[in-house]
Every structure is written in C-alpha cells, then in structure tokens.
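Inspection log for the structure reproduced underneath, given as structure tokens.
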Amino acid sequence: MSKSPCCASFLNRLSCQPDRLPRLTLSVRQPYALPVPLETDMMLRALDLARQAGALGEVPVGAVIYRSADGAILAEGFNRREIDNDPIAHAEIAAIAAAAKSLGDWRLNDCTLVVTLEPCAMCAGAIVNARVGRLIYGASDPKAGACGSLMRLTEDPRLNHRVIPEAGLMAAECGDVLREFFRKLRKPGA
Ligand code: ZN
C-alpha cells in the first residue's frame, strides 16, 4: 500500500525535525509491574524450591504442580535424595504424590507439572503413570534426561498416555542454579 501524499509529507516533517517526535515517558517506579505469564511464575517457584534443595546439600531441582484451568498450586517438591537416603526422592516424584493426595485422585490429566530440570526416566515414567496433562521443564539434562535428551519417553505412542514436553522455559536460570551448586561443591574447602 502506498502512502498518501499527506501522510508522506507528515513523515518527512517528522524526520526533519526530530525534536517534534512525540516523547515516550517510561515509568521507572514499577519496573516489575508487567504481568508475568503463569508458567513463568510457576517456574520461579520451582527455582525457589531448587535453591532450598541446594541449601540442604541436595542437587538443586524443584517442581510445582498446578491445576491447568485456574493455576491453583496443588503440590510442590524438591530433590531430597540425600536427606531421605531415597533414590526415588526426586522433585517430580514428591510433587506427583502430593498432588494426587491433594486432589484425591491419582489421575493428573488436568494438571501441569513445572520442573527446573528435564525429568529422568523414572520421573518420566511417573509422569506417564500419573497421566500428567502438561509438562514444562527448564534446563535439559544431557546425561539423564528422558524427555528429549536421551529418549522421549513421555511421547512414546505405545504408551497409553502421552504428553509432549515444553522444554527450555527459563533454561538459563535453571542451569545456572545447578552449575553454581556443582561449582561450590568442587571448590576446595567449600
Ligand atoms: Zn527424576
């Protein structure tokens, strides 16, 4: 579409007189006032849980399960493998068990699981068995991830429930928490 002569001359005048351009005023009083998408908000909570785990000497992974329809949080969990001496005490397993208890139903079709790290094969199996409706994770796990890295367990068409993971939400932040934890662990005297 070509510009009308009137419009063109107006633009010409503006470009010749930059001081005439309308000034944009940005408020700096509330820099974080923009609404945060629900998924990001949930990942921020999961990151908090991961940091709690890290403070206890656990590999920092956190998970949140919320009702997809209204965002009501049903359960939270973080990795407690060392504290509990329990090889299955991953963040996702704890959150899935607590969410099912809270709902009074083991079927989590109407729920979203948000976790800071790509689920392993055990947790991916639990996600399928619990029929989790939506799965969002942050950092990929090239050594043990079963939702895109080593395999795509939750997408296997032979299983009676499938969920396509949404990977990479705040992946940098989620990865940083893990990297920082292992960096401190390697530091002599830490
Ligand atoms: Zn796991």
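The values are calculated or read from the model by the stated rules, or taken from the named source; none is laboratory data. What you see is a predicted model; the values in this text were computed from it and never measured. Glycine also receives a Cβ, built like all others from the backbone with ideal geometry; neighbour counts cover every protein chain displayed.
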Taking the conditions exactly as written (over 15 Å from the mean Cα position of the chain (by Cα) and over 15 Å from Gly138 (Cβ atoms)), does Gly71 satisfy them or not? no
Taking interchain pairs and intrachain pairs at least six residues apart, which have beta carbon atoms under 8 angstrom, with the first residue in segment 85-98 and farther than 19 Å from Leu74 by Cβ and the second modelled with pLDDT under 95 and within 10 Å of the ligand (Cβ to nearest atom)? none
Out of segment 55-93, which residues are over 14 Å from Arg45 (Cβ atoms), among the small types (Gly, Ala, Ser) and within 12 Å of the ligand (Cβ to nearest atom)? Ala89
So in segment 161-190, with the set limited to residues that are in contact with a strand residue (DSSP E or B) (Cβ under 9 Å, 6 or more places away or on another chain) and under 27 Å from Trp106 (Cβ atoms), which one is surrounded by the most Cβ atoms within 10 Å (Cβ to Cβ)? Pro165
Residue list for segment 152-165, restricted to those being outside any helix (DSSP H, G or I) and over 14 Å from the mean Cα position of the chain (by Cα): Arg152, Asp156, Pro157, Arg158, Leu159, Asn160, His161, Arg162, Val163, Ile164
Looking for whichever is free of Cβ contacts under 8 Å to residues at least 60 places away in the same chain, within 16 Å of Glu76 (Cβ to Cβ) and either away from the ligand (no atom under 12 Å from the Cβ) or not polar (S, T, N, Q) (or both) here; the options are Leu103, Leu117. Which one fits? Leu103
Selection within segment 120-131 - within 15 Å of the ligand (Cβ to nearest atom) and either in contact with a Lys or Arg (Cβ under 8 Å, 6 or more places away or on another chain) or touching a residue at least 40 places away in the same chain (Cβ under 8 Å) (or both): Val128, Ala130
Residue hits (segment 137-163; among the hydrophobic types (A, V, I, L, M, F, W, C) and in contact with a helix residue (DSSP H, G or I) (Cβ under 6 Å, 6 or more places away or on another chain)) are Ala139, Ala146, Cys147, Leu153, Leu159, Val163
Among the residues of segment 166-187, how many are modelled with pLDDT under 95 and either assigned to a helix (DSSP H, G or I) or touching a helix residue (DSSP H, G or I) at 6+ places or on another chain (Cβ under 8 Å) (or both)? 3
Yes or no: Pro142 away from the ligand (no atom under 12 Å from the Cβ) and not hydroxyl-bearing (Ser, Thr, Tyr)? yes
